[in-house]
Every structure is written in structure tokens, then in C-alpha cells.
Amino acid sequence: MIVGEQKPLEEIMGLLGDARKVLIVGCGTCVTVCFAGGEKEVGILASALRMKSKLEGHSMEVDEVTVQRQCEWEYIDPLQPQLKEYDVVLSLACGIGVQAMNERFPDALTLPGLNTTSLSLPVEQGVWEERCQACGDCILGLTFGICPIARCSKQLLNGPCGGSQNGVCEVDPDIPCAWQLIWERAVAFGQVERLLEIQPPKNWSVSRDGGPRKIVREDLRLTHVE
């Protein structure tokens with residue numbers, strides 16, 4: 001899931017500037033699950049902005065709405081009629097949702113209320129750990145389901161570095177060594193020999209370093225019959 005965390009209130013106030021009428025738009029999927037941008041968080045932030053703006057002498061009118069997903073036109077299109085009423089829109093979606101709003105409604109400025117942090121797994125209540133960097137060339141089939149790109153601090157492809165000790169990463173003792181985890185999985189499945197194969201340099205051309213990525217499924221595209 002995409003994980004984000006709310007920007008500090010002072011930063012948000014700085015982004016809003018002299019805006020007098022603000023619409024906060026929440027998102028009902030990923031950022032709701034991580035308690036950063038759902039309906040509840042929208043309500044709390046709206047109250048905080050009203051109080052802070054009043055204390056600072058320029059009372060701000062803040063309205064609230066939460067849609068199912070901000071990353072799809074069908075869910076944000078119903079917002080269009082009301083957007084012209086606001087000086088600015090504050091999105092509590094991930095960065096994709098913020099950009100979707102600006103692209104769909106170019107006459108309305110949508111600002112981010114969150115920092116998008118990672119693609120993470122909720123390992124326990126209130127804790128999300130990064131598990132994927134969307135690199136575009138998945139090697140989980142070679143590493144027994146443990147991603148060294150997201151979980152190895154050095155993104156090594158052929159075993160651990162010399163700093164790995166007692167199963168933990170030299171960067172932080174609270175970080176398990178990804179290659180130790182991979183090794184243990186290989187042993188458990190009796191396939192250690194697979195790890196002896198030297199992996200070539202990673203194909204980074206399909207990652208973000210190769211420019212904005214796009215997937216096209218022709219079988220799913222709408223065709224227009226004349």
C-alpha cells in the first residue's frame with residue numbers, strides 16, 4: 001500500500017498562504033488505512049486550520065470532502081462543480097492523487113497535505129515498513145520473496161556487504177539484513193545453490209531513472225467503433 005504522513009501544520013499553513021476559502025479533499029483508500037488522509041484525518045486537520053487561522057487573525061473557511069480514490073477520474077469528477085468556490089484545494093492523498101487533481105482540474109490549484117513515503121506493509125498496528133520500490137524489474141523470484149532493492153540499505157544483488165553482522169544491517173541495528181533473510185529462506189527451501197549464481201547489474205532503465213513510466217494494456221483500452 002502507498003503510505004504517507006501528514007505535513008507539519010506550519011508547513012501546510014505556509015502553503016495555503018492568504019487563502020480564505022479552502023477545500024480539504026481526503027482519499028478513502030491507502031492513506032485512510034495508514035491514518036494519514038482519510039475522512040477522520042480530514043476533519044481533524046480542518047479543525048486545526050480553522051483554529052490556527054483564527055488565532056493568527058485571518059480566519060479561514062475550511063470545507064471537507066473525502067472521495068473513494070483521488071487517483072481515478074470517476075471518483076474526483078463529481079468535485080468539479082464546487083471547486084470554483086475555493087481559493088485553493090488541499091489534498092490529503094498521495095502524490096499521485098495531488099497530481100491527478102491538478103491534471104483533471106487545471107483551473108483549481110491543488111496542494112499537498114501529505115508527504116508520500118513508501119510502498120509499505122503494515123507489520124503491526126501503527127507500524128508500516130517499506131517492502132517495494134516499484135523498480136519495474138521484479139527479482140523476488142530469484143531472492144525467495146525478499147526484496148534486496150527495498151530492504152537492503154545498499155541495494156546489493158549478490159549477497160550481503162561486509163558490514164552485516166549477526167543478521168542485522170550496519171546502517172541501523174534495528175534493520176534486519178535483507179541478505180540474511182534471503183539466505184534463511186534459501187536454506188529453508190533447500191535451494192542455496194541458486195544464490196551462487198552471479199546476478200548481472202540491475203536493469204534500471206525500467207525504473208524511475210528511465211523517466212516517467214507508463215503501462216499500456218491494449219486489451220483493456222476502449223475502442224471507438226465508427
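As a calculated quantity, the FRET efficiency between Gln80 and Arg131 at R0 = 35 Å, using C-beta atoms, amounts to about 0.45. Computed over the chain, the per-residue total of -39500 (n - 2.57) for DSSP H runs of n ≥ 4 gives a 222 nm mean residue ellipticity of -7000 deg cm²/dmol, rounded to 500. Across q = 0.16 Å⁻¹, region 1-76 modelled as identical point scatterers on its alpha-carbon atoms has Debye log10 I(q)/I(0) values of -0.59, in the order of the q list. Between the helical axis of 39-55 and the longest alpha-carbon principal axis of the chain there is an angle of about 50 degrees.
Along its first, second and third principal axes, ordered by size, region 133-210 spans 36, 29, 18 Å in Cα coordinates. Name the residue from Phe105, Ile12, Gly145 whose Cα lies farthest towards the positive end of the charge dipole of the chain, charges +1 on Cβ of Lys and Arg and -1 on Cβ of Asp and Glu. Farthest towards the positive pole: Gly145. Ordered by the count of other Cβ atoms within 10 Å of each Cβ, fewest first, Leu109, Leu55, Leu49 give Leu55, Leu109, Leu49.
Using only Cα atoms and rounding to the nearest 10 degrees, what angle (0 to 90) does helix 178-188 make with the longest principal axis of the chain? That works out to roughly 50 degrees. For the chain, the longest principal axis of the Cα atoms and the long axis of helix 95-104 meet at an angle of about 50 degrees. Of the GluC sites (Glu not before Pro) in region 1-98, the ones in a loop by DSSP (not H, G, I, E or B) with at most 15 other beta carbons within 10 Å are Glu56, Glu72, Glu85. So which of Lys40/Lys154; Lys40/Lys84; Lys40/Lys214; Lys52/Lys84; Lys7/Lys54 end up more than 28 Å apart by C-alpha? Exceeds cut-off: Lys40/Lys154; Lys40/Lys214. If you plug the beta carbon distance of Asn115 and Leu140 into 1/(1 + (r/R0)^6) with R0 = 41 Å, you get a FRET efficiency near 0.95.
Extension gain, Met1 to Ile44: 0.36 nm times the residue separation minus the Cα-Cα distance gives 13.2 nm. Sparse packing (at most 15 other Cβ atoms within 10 Å of the Cβ) combined with a DSSP loop state is found for the following GluC sites (Glu not before Pro) in region 111-208: Glu170, Glu197. Computed extension length for Asn166-Lys52: 36.1 nm, one decimal, from 0.36 nm per residue of separation with the Cα-Cα distance subtracted. Between Val187 and Glu72, the simple label model (points 7 Å from Cα in the Cβ direction) yields a spacing of 4.5 nm. Work out the FRET efficiency for Glu11 and Trp204 from their Cβ-Cβ distance, taking R0 = 30 Å, and round it to the nearest 0.05. FRET efficiency, Glu11 to Trp204: 0.40. One quarter of the convex hull surface built on the alpha carbon atoms of the chain amounts to 17.6 nm², the projected area averaged over directions.
Highest GNM mean-square fluctuation among Gly17, Gly43, Gly95, for the chain modelled with Cα contacts below 10 Å: Gly17.
Bear in mind these aren't lab numbers, they're just calculated from the coordinates by the rules spelled out. If you're wondering where the values come from, they're calculated on a predicted model, not measured in any experiment. When we count neighbours, we look across all protein chains shown, and the Cβ atoms used for this are built from the backbone with ideal geometry, even at glycine.
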